[in-house]
Protein chains: 2
Amino acid sequence: MSNEPNPTPARVTMKDIALRAGVSQSTVSFVLNGNEDMRISEETRARVMDAVAELGYRPRGAGRPARDEASRVIGLMVDEIATSPFAAISIEGVQETAWKHNAIVEVVMTGGNRDYEATALRKWAADGVAGIVYASILTRKVAPPDALARHRAVLLNCYDAERRYTSVVPAERRGGEMATRQLIAAGHRKIAFITGENWMEASDQRLEGYERALRQANIPVDPNLIVEGNFLPSGGRTATLRLLDGPVRPDAIFCANDLMAVGCYEALKERGERVGATMAVMGYDDQEIAQHLSPALSTVLLPHREMGNWCAEWLLSPSEGAGLQERLECPVVLRESHMRG
Amino acid sequence: MSNEPNPTPARVTMKDIALRAGVSQSTVSFVLNGNEDMRISEETRARVMDAVAELGYRPRGAGRPARDEASRVIGLMVDEIATSPFAAISIEGVQETAWKHNAIVEVVMTGGNRDYEATALRKWAADGVAGIVYASILTRKVAPPDALARHRAVLLNCYDAERRYTSVVPAERRGGEMATRQLIAAGHRKIAFITGENWMEASDQRLEGYERALRQANIPVDPNLIVEGNFLPSGGRTATLRLLDGPVRPDAIFCANDLMAVGCYEALKERGERVGATMAVMGYDDQEIAQHLSPALSTVLLPHREMGNWCAEWLLSPSEGAGLQERLECPVVLRESHMRG
DNA sequence: AAATATTGCTAATAAATATTAGCAGCGAAA
DNA sequence: TTTCGCTGCTAATATTTATTAGCAATATTT
């Protein structure tokens, strides 16, 4: 025997299975592919399957490709989804449109780990996926890995600085604007705004939309009515108390997200205010808990599902080149809390 | 030209790319694989990449397999994750253990669609994935697709009737028991229970655990203290009011999930009860919103991440045969609400 | 000028699986 | 008994990509 180190054991191939089962390699191929055209006896089939189980054979895509076109696959790479159901809704959106095109969606959560991203992209390159969705939980600018460039790719809820990739994000500014217009249409004039985290673009843009709507209605933007929150119920509660104790009494409060609206409700109840009667409240992002508030919270939807639908459609349909930026509408849902007595 | 219909256009192969770029097929292979050992001029590389972009070549796994072992992949098939962040936590659990074994996780959400399941399993067979996790949002009995049998597979948060597959589920009965024991340990004797949906096994088992703990403490199970809920805040609120107006006044209320605990808090506040002082409350499943309750809710955790970790470990490590059923502990987290004044 | 080393490729071959063409054996019909 | 049809395979070939061995051209050294 050679003095060289033993080579790593070879992968089990159909030839090994054939040897063990006492059949030919082509018989193994017919059995594993469930080819209906080829007659294989039950006894032979069982011997092949036994050998597969015994030797631990796992099929791989090497060798001569099959004549039939394999089902298409979209790869979806997301930084993380555990902290938010929203990413899952976007994924569902990608999936339902992809399935209409007979494509399945494989999701990989990378946690932003570059090695993980590179490994997944290598895998998807080997698979020949039809396209890749690169998704972010928070709307933000991203720097996709270089390897993404060799695929047909779209950015979901994010965009790149050079605009090399097509991207789709929510129209946050316009959402903030439309929500504020609805409060104005309901008769409110002293509309307060509770911000989220300032470093989040979504928060900034919602505030900008609020300010734009006020200006267009010839209502001055009053700094006393803009209070800093933190996207949590506790922040919404604290900010609401500050507004109620401030120099200008608002008649409506626009919270930059629904969790803060939960805290806002608590603070208003503490101070004897009646939501939708003595004080109006508007939320944003339509989180599940907000649907349990009473009176029912009016809020702004984020187009998670629609962004997902749009990505799959763009990847799987003939379309123009890369570099588009699409902004999807954030519809306002009017329940009860935006009204006034 | 033949009178027969034109055949479907052949897939673009490396040979086509080579022709277009004016190089050999092996040069194309070197460029696309980023092989560092082979010297290719920048000019040649650019011509190959231009041809790839122009002809729309997408790599696939056919032909001679590469010498190096590709990174391993675990396929994870889940019915749906949009309605619950819990599945995402389980997926993260699978992923963090898999990554320690240098495997990535590809997730497919099938919505229970059998065609989708079959397509994904075919894809994963062609890929030679190292193993498959078949996951369910609700703990339940499932009938996995036949094609799952040809893979090394584990059931997450579900199990099959024939016990052909290894499975991992939460130890719900024990969780209910431990939580009740903690209430007893805090001095409570008239402990109420608000059930979830009766058709859900988790609800049944939590109730059984509650009853077992009472019996072991020689406290009679009082049907007046067991009220039907519905896993929603509204159901928790209604059930709590019924308990307060019932013939037996409880000194603790064990809610079968945290959303009902939210409603329970509301009802107690309405009736002037002080949580953690005049009335104790225990929740279950540690949902995000419950972390914003004041006083802080004591609750039972579900081992989402641990179940995920366990699945990846089982798939990627040498281990015994299929057919195990593992039940993972549901730890009780004591915050403030379980106490009494 | 001649010899040697390096660069940047390619032709040939290898590897694994899919598919086709063909055949031995068996049973049924003439 | 002979012929024909069917069954259940297999040998050979096809296909695509990965890898090796080798070479023309160029640069460097002697």
Quiz item: Wholly within segment B:129-245, which strands (runs of 3 or more DSSP E) include no fewer than the required count, namely at least 2 residues that are open to solvent by 30 Å² or more (accessible area, probe 1.4 Å)?
Solution: B:131-142, B:226-228
Quiz prompt | All positions within segment A:89-120 that are within 8 Å of chain B (Cβ to nearest Cβ), part of a helix (DSSP H, G or I) and under 23 Å from B:Asn113 (Cα atoms) | solution = A:Ile89, A:Ile91, A:Glu92, A:Gln95, A:Trp99
Quiz prompt | Residue ID - farthest from DNA strand D (Cβ to nearest atom), chosen from residues in segment B:12-39 that are surrounded by 14 or more Cβ atoms within 10 Å (Cβ to Cβ) and part of a loop (DSSP other than H, G, I, E, B) | solution = B:Val23
Quiz prompt | Identity of the residue in segment A:95-128, touching a residue at least 24 places away in the same chain (Cβ under 8 Å) and among the polar types (S, T, N, Q), that ends up most open to solvent (accessible area, probe 1.4 Å) | solution = A:Asn102
Quiz item: Are there any pairs, at least 6 apart or on different chains, whose C-beta atoms fall under 6 Å, with the first in segment B:175-186 and within 15 Å of B:Arg340 (Cβ to Cβ) and the second open to solvent by 30 Å² or more (accessible area, probe 1.4 Å), and if so, which?
Solution: B:Gln182/B:Val332; B:Ile184/B:Ala217; B:Ala186/B:Met339
Exercise. Kindly indicate which of B:Leu297, B:Leu268 is buried (at least 20 other Cβ atoms within 10 Å of the Cβ), within 14 Å of chain A (Cβ to nearest Cβ) and without any contact (Cβ under 8 Å) to a residue 60 or more places away in the chain.
Key: B:Leu297
Practice problem: State whether one or more residues within segment B:312-333 are open to solvent by 30 Å² or more (accessible area, probe 1.4 Å) and closer than 20 Å to B:Leu244 by Cβ. | Solution: no
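Per-residue answers, yes or no, for (1) in the same structural domain as A:Ala125 (by TED's automatic domain parsing); (2) under 19 Å from A:Met307 (Cα atoms); (3) over 20 Å from the mean Cα position of the chain (by Cα):
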{"residue": "A:Asp146", "(1), (2), (3)": "yes, no, yes"}
{"residue": "A:Val154", "(1), (2), (3)": "yes, yes, no"}
{"residue": "A:Tyr165", "(1), (2), (3)": "yes, yes, no"}
{"residue": "A:Glu177", "(1), (2), (3)": "no, no, yes"}
{"residue": "A:Thr180", "(1), (2), (3)": "no, no, yes"}
{"residue": "A:Ala185", "(1), (2), (3)": "no, no, yes"}
{"residue": "A:Ile191", "(1), (2), (3)": "no, no, yes"}
Quiz item: Could you list, in sequence order, the residues of segment B:142-159 that are free of Cβ contacts under 8 Å to residues at least 40 places away in the same chain and within 19 Å of B:Ala202 (Cα to Cα)?
Solution: B:Val142, B:Ala143, B:Leu155, B:Cys158
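The values are calculated or read from the model by the stated rules, or taken from the named source; none is laboratory data. Computed from a predicted model, the values in this text were never measured in an experiment. All Cβ positions, glycine included, derive from the backbone under ideal geometry; neighbour counts span all protein chains shown. Calculation scope for accessible area: heavy atoms of the full protein, side chains included, ligands and nucleic acids excluded. Shrake-Rupley method; radii C 1.70, N 1.55, O 1.52, S 1.80 Å.
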